[in-house]
Structure formats: structure tokens, C-alpha cells
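**Student:** Let me give you the structure first, and then I'll get to my questions.
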Amino acid sequence: MDDHSPALVASDLALSYGAVRALDGLSLTAARGEVTALLGPNGAGKTTAVSCATGLLRPDSGTVRVLGADPWRASPEHRARVGVMIQDGGLASGAGAMQLLRYGASLHAAPLDVDEVAEHLGIDEFARTLVRRLSGGQRQRLALALAIIGRPDLVFLDEPTAGMDPSIRRRVRELVRGLARTGTAVVLTTHLMDDVVGLADAVRVISRGRVLAAGSVQEVIREHRGADGGVTLRATASGVAPESVPALEQELRETAARHGARLEISSAAAADLEAVLLDLMDRDRSDGPHEPDADARDAREARTDDAPTAGAAR
């Protein structure tokens, strides 16, 4: 297989749960060595699309290829090349954190060094704590470690920095960028625009089972910015003493108010991307009624009773 071909190719995917149309002609790609962010509101179809890409669901029509193969019929060897960040509830609650991570590593032929991964993500700090007693952020770290421990060629990460403090979030971002640099295709779903701006090489905005916008962060902002004539000014203040920050922020806000501008102390790119995302969602809703993907999880569980086992060992 050509290592330069996309790791994920989905073409015209359609899938319905009864009257609910979760995917409606969705097409997207994810390149090797890049971070691709899937954005959209809850119920947009992101989880359903990932479920099709990981072989948990079979689309009604359309095609999906993961590392050149149909994930629905994928072999155990193929599945071992794909990592998935399991959300809360998918981890063995009675196991200790390091015990579970070591077990996950033992399922792979050439895993990453368990101790190094644990140290980088701070898992060694709660190594013996049972999973059911971990905080939300700690579970996220453990789930992330399990997703990457097998050196996957493609990894799906769902809200990887949710519930984490800033220092751990920085480590996670470094880890995700490091995965991409080594050639791994990373597919990221998140509602945190700072994560997208800081990590994503490509963005796919999904709503009602379709891709509304695609490109780099700046391309999506430039091509879909609302035509309100507004301009975003971005500036960086460096060398500011910590004790001076409140006064500086107050002066900036007062200056902005005199010019009739609204000031947010944030990353301008993140703010712009969030505005574009909200604008796209508003336009899409105005196009007419559409059944949401609100019951996708329950419908998915009912539908996958006869699905092939995805395998706890990847």
C-alpha cells in the first residue's frame, strides 16, 4: 500500500437509525502525518462517522477505507494499527491505572515504553488508583495512553484534553503533535477551539451528517467568515509582569470600548474559528428541518448486536 495515500477516506457515507439520518452523504479524508479535526455540534454525526471508520458501524451506502481496507471486514492485524480513545465507561473500572496500561501494551507486538508514556502524561502519579476512583481528567489521560500505546498508524481521539489542567493539556498537545510528526494520522474531535488552532493541520466542519467546510484553520476562517465587515486584530504582549496583567487588561478593554469594539483576551484564531463554526451551524439550520443524531448511541448499540467484534486488543 502507498504510504503517501490518505489513512482515512470516506466517500458519500449515508446511515440512518430509523427516521434519524445520522450521515447524509458525508465525505472526508485524513492524511498521514497530519492532525485532522472534526468539528460540529453534538448530534452532527461525528461519532457515527468515527464508528463507521473503526468498524463498529456499517454505513447504509457509500464507502470508507482505513489504511486501505474496509474497517467492517478488517482483520485483527489491521485493527491493531488503529487506535481509539475510549470514552468514560469503556475502561475496566476495577483495574489500577498502570495495571490497565501495562495490559493494553501487552496486546501489541511493539508497544511504546509504558513507563515513558505514563510519566509524560502524569499517570505515574496515580498508578495504583483504581479506574473507578480516577477523576475525569485522569481517565482522559489513561484513555489517551491506551489509544497510542500500540504505535497506531491512525488514531481517533475524542476530546483528548477535556477536564485536564493547563500543564497536562500542554503535554497532551505536544504528544499529539509528536504522533503526527512520526507519520501517524490523528483524527481529533473536540469543542475546544484552542486545541484545534494549536494542533490541527486540517479541519472538517460537520453538521447534520454532512461536511459543510474543509481546509486548514485559516482557509476555513477566510472562506466562511460572515460578511459583517468586522475585522479581527491580533496582537501579542510579551514581557508583561504578572502583577501588571489585570491593569493592562482593563486598559485594553476601556480602549476597545471607546472604539465600539468587543474585546476578548484569547487567541484570535481560536475566536475566529469558533465564530465561523457557529455561523455555519446557524446557516445550516436555516436551510430547513432535519432529524438530529440525538439518539445515535442507543441506536448504535441496538444496531451493532450482529457486528463483528472490534477487539479490545488493537
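**Student:** Can you list the strands (runs of 3 or more DSSP E) lying wholly within the stretch 171-223 that have 2 or more residues being surrounded by fewer than 23 Cβ atoms within 10 Å (Cβ to Cβ)? Give the steps one after another, and end with the answer.
**Tutor:** Details: elements: 185-189, 202-207, 210-215.
Those strands (runs of 3 or more DSSP E) span 210-215.
**Student:** To continue, here is another question. Is it the case, given these coordinates, that Ser11 is over 19 Å from the mean Cα position of the chain (by Cα), without any contact (Cβ under 8 Å) to a residue 60 or more places away in the chain and closer than 25 Å to Val196 by Cβ?
**Tutor:** Yes.
**Student:** Yes or no: the stretch 55-67 includes at least one residue that is free of Cβ contacts under 8 Å to residues at least 24 places away in the same chain and within 30 Å of Arg132 (Cβ to Cβ).
**Tutor:** Scanning the stretch 55-67 turns up no residue that is free of Cβ contacts under 8 Å to residues at least 24 places away in the same chain and within 30 Å of Arg132 (Cβ to Cβ).
**Student:** A further question follows. Scanning the stretch 232-261 for residues that are within 23 Å of Val276 (Cα to Cα) and not hydrophobic (A, V, I, L, M, F, W, C), which turns out modelled with the highest pLDDT?
**Tutor:** Here is the first cut: in the stretch 232-261, the residues within 23 Å of Val276 (Cα to Cα) are 232-236, 256, 260-261.
In the following step, the residues that additionally are not hydrophobic (A, V, I, L, M, F, W, C) were identified as 232, 234, 236, 260.
Values: Thr232: 64, Arg234: 62, Thr236: 67, Gly260: 82.
Only one residue fits best here, namely Gly260.
**Student:** For the stretch 127-157, how many residues meet the condition of being surrounded by fewer than 20 Cβ atoms within 10 Å (Cβ to Cβ) and outside any loop (DSSP other than H, G, I, E, B)?
**Tutor:** Matching residues across the stretch 127-157 total 5.
**Student:** Go through the stretch 11-83 and tell me which strands (runs of 3 or more DSSP E), entirely inside it, have 3 or more residues that are crowded, with 20+ Cβ neighbours inside 10 Å and of a type outside the set (S, T, N, Q).
**Tutor:** Filter on the stretch 11-83 gives 20-30, 35-39.
**Student:** Quick one: is Phe156 under 21 Å from Ala97 (Cβ atoms) and among the hydrophobic types (A, V, I, L, M, F, W, C)?
**Tutor:** no
**Student:** Could you grab me the full set of residues in the stretch 109-141 that are within 20 Å of Arg79 (Cα to Cα) and either at pLDDT 95 or above or in contact with a His (Cβ under 7 Å, 6 or more places away or on another chain) (or both)?
**Tutor:** Scanning the stretch 109-141 gives Pro111, Leu112.
**Student:** Further question on the same structure: Could you please find all residues in the stretch 87-102 being surrounded by fewer than 16 Cβ atoms within 10 Å (Cβ to Cβ) and modelled with pLDDT of 95 or more?
**Tutor:** Of everything in the stretch 87-102, just one residue is surrounded by fewer than 16 Cβ atoms within 10 Å (Cβ to Cβ) and modelled with pLDDT of 95 or more, namely Gln99.
**Student:** Next question. Being at pLDDT below 70 and in contact with a helix residue (DSSP H, G or I) (Cβ under 8 Å, 6 or more places away or on another chain), is that true of even one residue in the stretch 197-208? Lay out the reasoning, then the answer.
**Tutor:** Restricting attention to the stretch 197-208, the residues satisfying the condition of being at pLDDT below 70 are none.
Within the stretch 197-208 (the criterion being at pLDDT below 70 and in contact with a helix residue (DSSP H, G or I) (Cβ under 8 Å, 6 or more places away or on another chain)), the answer is no, since none of the residues qualifies.
**Student:** Modelled with pLDDT of 95 or more, of a type in the set (Gly, Ala, Ser) and either on the phi < 0 side of the Ramachandran plot or assigned to a helix (DSSP H, G or I) (or both), is that true of Ala162?
**Tutor:** The answer is no for Ala162.
The values are calculated or read from the model by the stated rules, or taken from the named source; none is laboratory data. Every value quoted in this text rests on a predicted model; they were computed, and no experiment measured them. Cβ: placed from backbone, ideal geometry, glycine included. Neighbour counts: every protein chain shown.
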